[in-house]
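Notes to accompany the following structure.
Nothing in this text is a laboratory measurement; each read-out follows from the coordinates by a stated rule. Keep in mind that what you see is a predicted model, and the values were worked out from it rather than measured. As a convention, Cβ positions derive from the backbone with ideal geometry for all residues, glycine included, and neighbour counts pool all protein chains shown.
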Amino acid sequence: MKALFAVILKPELLSSILLEFNNQGIKGATVFESMGMGYLMAESAPIFARLSQVTMGSAAPSRTLMAVIEDRQVDLAVKIIEEVVGDLTQPNTGIVFTVPVDFIRGLRDTEGNYAV
């Protein structure tokens, strides 16, 4: 299993991703409101605010999606995300990464049974 994290820079696109995840059998995602380091620095120091507007535009808070998925679902999840946000190698789309899940308790499988 993998924990998939996707930082979505345009929060208005998130519902389309979640709907397609659900349609394709990827269930149980959790969404966090998130802010990048540049955004936080711009809020706390006016010099960074002016710099970030010149170099990056005014970045708004993003959303971070987290889902524990089967290894075989990773490619599908990334494909869905890129179909909605665009090519992740391009600026201002997002970031996706996975980490191995070594232990889990409380997660249900597709039949509703708890994973052990």
_In order through region 84-89: 3J(HN,Hα) via Karplus (6.51 cos²θ - 1.76 cosθ + 1.60), integer Hz, x for Gly, Pro_ = 8, 8, x, 4, 5, 7
*Once label points are set 7 Å from the Cα along Cα→Cβ at both Ala3 and Ser15, what is their separation, rounded to one decimal in nm?*
2.9
